[in-house]
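Have a look at the structure that comes next, please.
The values are calculated or read from the model by the stated rules, or taken from the named source; none is laboratory data. The structure presented is a predicted model; accordingly, all values stated were derived computationally and were not measured. Virtual Cβ from ideal backbone geometry, glycine too; neighbours counted across all protein chains shown.
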Amino acid sequence: MAEEVKLFGTWASVFSRRIEVALKLKGVQFEYIEENLSNKSPALLKYNPVHKKIPVLVHNGKPVAESLVILEYIDETWKHNPILPTDPYEKAMARFWAKYIDDKLWPAAREVAVSKGEEQKGVIEEIQKQLKTLESELKEKKFFGGQSLGFVDIAANIIVWLVVAQEALGMEILTEEKFPVLHGWYQRLVDDAVFKECMPPREQHLSFVKVRFGSSTPSK
């Protein structure tokens, strides 16, 4: 019996795109269902009654929610092309850095788009501290997990959204001059064939950010 895999998401969601990347790295066939978060479908409310948000992966009728949880589920279900290390310590460290990204970088990245003036400058400084921490972890590695794109790289796709936001809103956050190592990683990530396939069309994404957040005052 053929597997049934569905992904409920939205095109501009950094979290939905994480799941797309993982599924395509694994070569898993899936049906993508675009949600309207202002008018959530009965299916989404059925499959994620607790948080009522995307992304939700439905595998043979069984739903899994929360992007990092889904990523681990995918890696454990489809063993080929692993995205998490097999070594217990390295796996724990990958989970640590992914959680750091969600707990520290994501809230600040969201805040910078809606803040203004001196407040925005302070948020940018905080983001840059977090980026410096990630750059120290990356060191000279090609990707966070080594030579191939993995769990932390997928979680760090937030940085790609951050680069789009800085261009759309006229901010200066991640530059090659300030973050040469992380900027090199960013270029390798967006040049990766699978990752590129899963990203929103750039002009559409820029336009979306400008319309939604463009009233903020740019800070440099």
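For segment 79-96, does any single residue satisfy the condition of being farther than 15 Å from residue 9 by Cβ, within 15 Å of the chain's Cα centre (by Cα) and of a type in the set (Lys, Arg)? Break it down into steps so the answer makes sense when it comes.
Of all residues in segment 79-96, those farther than 15 Å from residue 9 by Cβ come to 79-96.
With within 15 Å of the chain's Cα centre (by Cα) added as a condition, the list becomes 83, 94-95.
Now drop any that are not of a type in the set (Lys, Arg), which leaves 95.
Yes, segment 79-96 contains a residue that is farther than 15 Å from residue 9 by Cβ, within 15 Å of the chain's Cα centre (by Cα) and of a type in the set (Lys, Arg).
Is it the case that segment 101-109 has a residue that's surrounded by fewer than 16 Cβ atoms within 10 Å (Cβ to Cβ), at pLDDT 95 or above and over 23 Å from residue 67 (Cβ atoms)?
No, there is no match, as no residue in segment 101-109 is surrounded by fewer than 16 Cβ atoms within 10 Å (Cβ to Cβ), at pLDDT 95 or above and over 23 Å from residue 67 (Cβ atoms).
Criterion first (surrounded by 15 or more Cβ atoms within 10 Å (Cβ to Cβ) and under 15 Å from the mean Cα position of the chain (by Cα)) does residue 134 satisfy it? Write out each step before concluding.
Working: surrounded by 15 or more Cβ atoms within 10 Å (Cβ to Cβ): yes; under 15 Å from the mean Cα position of the chain (by Cα): yes.
For residue 134, the condition - surrounded by 15 or more Cβ atoms within 10 Å (Cβ to Cβ) and under 15 Å from the mean Cα position of the chain (by Cα) - is met.
Collect the residues in segment 60-78 that are acidic (Asp, Glu) and under 16 Å from the mean Cα position of the chain (by Cα), keeping them in residue-number order.
Restricting attention to segment 60-78, the residues satisfying the condition of being acidic (Asp, Glu) are 66, 72, 75-76.
Listed by number, the residues that qualify are 66, 72.
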